[in-house]
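**Q** Quick one: this structure, given as structure tokens, is what I'll be asking you about.
Laboratory data are not the source of any read-out in this text; all were calculated from the coordinates shown. Treat the numbers as computed from the prediction; the structure is a model and nothing was measured. Here the Cβ positions follow ideal geometry from the backbone for every residue, glycine too, while neighbour counts run over all protein chains shown.
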There are 2 protein chains.
Amino acid sequence: MAAVSKRKRTASKTAPRTTPREPAVRASRASTKRPAKRSSAGGGLTAERIRDEALRLIDAEGLEAFSTRRLGAALGCEAMAIYWYYPSKDALLDAVVEALISRLPVEPSTPGDWIDAFRKLAHGYRRLAHRHPNAFALLATRRFATEGTYRFLDGLFEMARHAGLDDRQTARFYRLVSSFCSGVALNELAGLRDADRVASSPELEAEALAAREAFPRLASVSSWLEPSHFDDVFDFGLELLLEALQRAPHASGVPAGRGRAKRA
Amino acid sequence: MAAVSKRKRTASKTAPRTTPREPAVRASRASTKRPAKRSSAGGGLTAERIRDEALRLIDAEGLEAFSTRRLGAALGCEAMAIYWYYPSKDALLDAVVEALISRLPVEPSTPGDWIDAFRKLAHGYRRLAHRHPNAFALLATRRFATEGTYRFLDGLFEMARHAGLDDRQTARFYRLVSSFCSGVALNELAGLRDADRVASSPELEAEALAAREAFPRLASVSSWLEPSHFDDVFDFGLELLLEALQRAPHASGVPAGRGRAKRA
DNA sequence: GTGTTCTATTTTACATCGTAAAGGAACCGG
DNA sequence: CCGGTTCCTTTACGATGTAAAATAGAACAC
């Protein structure tokens with residue numbers, strides 16, 4: 001966590017920020033004493049409630065439309081109230097990412113079958129993209145940088161170790177599979193969004209038709225690029241990766257420098 | 001192109017937009033008559049100059065910091081002048097995407113070797129990510145929806161046809177390779193950005209250290225996740241895909257429904 | 001010449017954004 | 001009752017994207 005404040009935009013915002021008084025940095029403080037009780041109705045603000053509502057809003061109205069003020073309105077409080085629980089909008093979005101990630105199944109469904117666990121995980125990731133299309137760009141774009149995401153990765157890597165993979169192979173396949181999954185999902189989401197857009201505007205439809213005529217090859221291939229074939233592509237690619245993973249679990253296939261795992 | 005205006009944010013902005021008077025929609029009008037001549041110095045505004053400067057600015061200061069006002073300042077004009085050439089910031093970004101895409105090599109370096117052409121293309125794409133890290137997210141996130149990008153795809157698919165791939169395989173591998181490339185590149189860029197951030201802040205550094213202790217598996221794997229190993233991962237994954245591509249060029253390996261190409 | 005029209009740009013204005021800073025209001029242990 | 005802590009609101013500032021109108025110069029009509 002920690003207050004990072006993204007990038008300072010123009011490097012000359014206002015003041016040098018001298019730790020104002022130490023507001024709220026840690027995300028879930030409510031548990032240290034008693035949860036909350038003020039304002040009888042649903043007013044009880046907590047970091048979790050804010051985060052959940054943020055996700056709900058993003059799902060409902062898109063990432064672009066999401067703002068602290070709108071979130072405040074949805075929560076029944078002023079926008080600035082959020083800043084008691086999160087140091088910035090950015091940090092809140094990190095928390096949303098964390099919440100999504102932690103829903104993924106890290107354990108294999110059948111204990112020994114770690115390839116299957118990887119597969120399940122990949123499918124879970126993809127399911128996330130489908131369930132939260134608007135929030136998914138966050139996952140693909142932001143670095144995993146919170147405790148929960150660390151825990152997720154640690155669990156995953158622990159599983160890989162039990163499967164006998166050395167660290168290098170683990171790293172490699174983690175990168176490969178996760179890159180592949182986000183790549184496919186982003187592609188897919190972009191395609192869906194675009195299909196939406198075109199369908200909702202006659203002029204864009206006409207334009208698409210014209211493009212189809214001007215570029216015949218594009219036209220004939222693009223029927224295979226439609227949403228209905230996404231599953232096919234995803235499974236094909238994923239199985240390709242998993243096969244390779246199964247094929248060469250221990251050995252390192254490239255020069256390498258003896259940085260092996262400590263366990264057999 | 002066409003004025004799309006993104007999504008209307010809240011669905012209740014201001015007025016219903018009744019085609020104000022028909023300002024500028026088509027991107028490059030300067031060529032129809034004479035380029036321009038007003039304002040002796042470097043003032044000559046054109047769609048191309050705006051787009052190029054936009055890319056330069058994004059490269060230099062990041063996507064977040066990019067705004068029409070700053071672009072105007074860089075060009076020596078008011079922000080609104082841009083709107084004569086592009087209907088929206090969104091459309092301008094589309095043009096930037098197009099400019100980047102059209103730099104990729106679609107032709108194979110040795111005429112017959114189409115696998116090599118795919119490889120070159122993938123490496124070119126990755127090089128783009130390296131050369132324009134700040135602009136790259138645009139490529140991965142936005143749909144290819146301009147004439148230039150259509151042309152690019154048409155050229156690519158034409159090449160695939162010459163290589164003997166049917167439309168289904170073409171579509172499949174296009175999606176696979178492009179998804180893979182953007183996924184890896186995004187991952188890579190996020191990693192680099194994060195390494196930057198951590199290196200520039202002692203408290204984040206301490207935090208990272210603590211995480212390393214709390215999650216031992218993460219720590220030992222993550223040395224293999226460092227930037228120095230990106231090339232390795234990319235090549236490994238790409239060759240995996242290309243091998244599969246070479247292995248099964250024509251046949252469709254799944255049930256399929258006879259929706260084949262009309263051309264031999 | 002004097003309009004008038006077209007093209008390119010500036011000016012002005014508005015709603016919205018993230019968030020710093022300060023000011024309550026409710027609770028606390030004394 | 002009092003000072004402190006905790007949580008939330010108010011107010012304010014400097015951005016943002018862009019609609020709308022004003023404006024300046026070039027090109028054409030007469």
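**Q** Calculate, for B:Met80 and B:His162, the FRET efficiency according to 1/(1 + (r/R0)^6) with r their C-beta to C-beta distance and R0 60 Å; round to the nearest 0.05.
**A** Once rounded, the FRET efficiency stands at 0.80.
**Q** Then there's this: What nm distance separates the two modelled labels at B:Glu239 and A:Glu207, each placed 7 Å from Cα along Cα→Cβ?
**A** Here the modelled spin labels are 4.3 nm apart.
**Q** Turning to a different aspect of this structure: Tell me whether segment B:80-172 comes out rounded, prolate or oblate; compute the Cα gyration tensor, take square roots of the eigenvalues as a ≥ b ≥ c, and use a/c under 1.5 as the rounded threshold.
**A** Values: a/c = 2.67, a/b = 1.91, b/c = 1.40.
Prolate shape, in that a/c is at least 1.5 and a/b is the bigger ratio.
**Q** Here's something else I'd like to know. Which distances in nm, rounded to one decimal and ordered from shortest, link the label point of A:Ser228 to the equivalent label points in the other identical copies, with labels set 7 Å from Cα toward Cβ?
**A** 5.1
**Q** Shortest first and in nm to one decimal, what separations exist between B:Gly164 and its copies in the other chains, measuring from label points 7 Å along the Cα-to-beta-carbon line?
**A** 3.8
**Q** How much length would be gained if the chain were fully extended between A:His229 and A:Ser67, taking 0.36 nm per residue of separation minus their Cα-Cα distance, in nm to one decimal?
**A** Details: separation 162, 0.36 × 162 = 58.32 nm, distance 3.46 nm.
Gain in length upon complete extension: 54.9 nm.
**Q** Here's another thing I want to ask about it. Among the residues of chain A, which one places its Cβ closest to the rotation axis that maps chain A onto chain B, and what is that distance in whole Å?
**A** Per the Cβ-to-axis criterion, the result reads A:Gly183, 1.
**Q** Taking segment B:76-180, which GluC sites (Glu not before Pro) meet the DSSP loop condition and have no more than 16 other C-beta atoms within 10 Å?
**A** For GluC sites (Glu not before Pro) across segment B:76-180 that sit outside H, G, I, E and B with at most 16 neighbouring Cβ atoms in 10 Å, the list reads B:Glu78.
**Q** Tell me the net charge near B:Thr68. Cut-off is 10 Å between Cβ atoms, B:Thr68 excluded, with +1 for each Lys or Arg and -1 for each Asp or Glu.
**A** +2
**Q** What list of ³J(HN,Hα) couplings, whole Hz, do you get for segment B:136-146 from phi and the Karplus terms 6.51, -1.76, 1.60, once you set θ to phi - 60° and write x for glycine and proline?
**A** Those phi angles translate into 5, 4, 4, 4, 6, 9, 8, 6, 6, 9, 10 Hz.
**Q** How far apart are the B:Ser88 label points across copies, placing each 7 Å from Cα toward Cβ, in nm, shortest first?
**A** B:Ser88 label point versus its equivalents elsewhere: 2.7 nm.
**Q** For B:Asp113 and A:Ala214, FRET efficiency with R0 = 35 Å and r from the beta-carbon atoms, rounded to 0.05? Walk me through the numbers on the way to the answer.
**A** Numbers: r = 28 Å, r/R0 = 0.81.
Here the calculated transfer efficiency is 0.80.
**Q** Right, another one. Can you sort B:Ile58, B:Ile101 so the residue with the fewest Cβ neighbours within 10 Å comes first?
**A** Ranking B:Ile58, B:Ile101 by Cβ neighbours within 10 Å, fewest first, gives B:Ile101, B:Ile58.
**Q** In which sequence would A:Thr170, A:Thr146 go, from the one with the fewest C-beta neighbours within 10 Å to the one with the most? Spell out each step's value before the answer.
**A** Numbers: A:Thr170 25, A:Thr146 21.
Starting with the residue having the fewest Cβ neighbours, the order is A:Thr146, A:Thr170.
**Q** Exposure proxy check: B:Val221, A:Val96, A:Val106 ranked by fewest other beta carbons within 10 Å?
**A** The most exposed by this proxy come first: A:Val106, A:Val96, B:Val221.
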